[in-house]
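S.K.: Quick one: structure below, then a few questions.
The values are calculated or read from the model by the stated rules, or taken from the named source; none is laboratory data. Every value quoted in this text rests on a predicted model; they were computed, and no experiment measured them. Positions of Cβ are backbone-derived with ideal geometry, glycine not excepted, and every protein chain shown enters the neighbour counts. Remember, those area values only see protein heavy atoms, side chains included, never the ligands or the DNA or RNA. Shrake-Rupley method; radii C 1.70, N 1.55, O 1.52, S 1.80 Å.
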Amino acid sequence: FDPRHYLRTHCYSLPKTGPHRLRFLLESVKDLRETLKKKGSTLVVRKGKPEDVVCDLITQLGSVTALVFHEEVREIL
């Protein structure tokens, strides 16, 4: 979870992620973790800036052979 996604927007100071969306995200991650666990896998969840967390996680795991990610699409106004 990137803490920057839970700040307020620059325009109008609205929350980027409201309480209902946050609850949905947390429940979805919990469900995904439980589903993966039933299949003999796991889900690693971290809080922090991805550019920091990913490097730390790769170092911690030590045997990473692939990394898949997506970049947030930003609107052009």
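S.K.: How tilted is helix 19-38 with respect to the longest principal axis of the chain? Cα atoms for both, answer in degrees (0 to 90, nearest 10).
M.R.: 10
S.K.: Share of region 3-61's accessible area from carbon and sulfur, percent, 1.4 Å?
M.R.: Carbon-and-sulfur percentage of accessible area, whole number: 59.
S.K.: Could you tally up the Lys pairs in the chain with alpha carbons closer than 28 Å? Skip any pair fewer than 8 positions apart unless they're on separate chains.
M.R.: 11
S.K.: Okay, moving on. Per residue, how large is the accessible surface of the chain? Use a 1.4 angstrom probe and give square angstrom.
M.R.: Result: 96 Å² of accessible area for each residue.
S.K.: Oh, and also: Take every Cα pair under 8 Å in the chain that's 6+ residues apart, average their separations, divide by the length, and report that relative contact order as a whole percent.
M.R.: It comes to 29 percent, rounded to a whole number.
S.K.: Okay, next question. What FRET efficiency, computed as 1/(1 + (r/R0)^6) with R0 = 25 Å and r the Cβ-Cβ distance, is obtained for L36 and F1, rounded to the nearest 0.05?
M.R.: 0.90
S.K.: Would you mind telling me which residue in L36, L25, L57 has the biggest mean-square fluctuation in a Gaussian network model of the chain, where springs connect alpha carbons within a distance under 10 angstrom?
M.R.: Sorting by GNM fluctuation, first place goes to L36.
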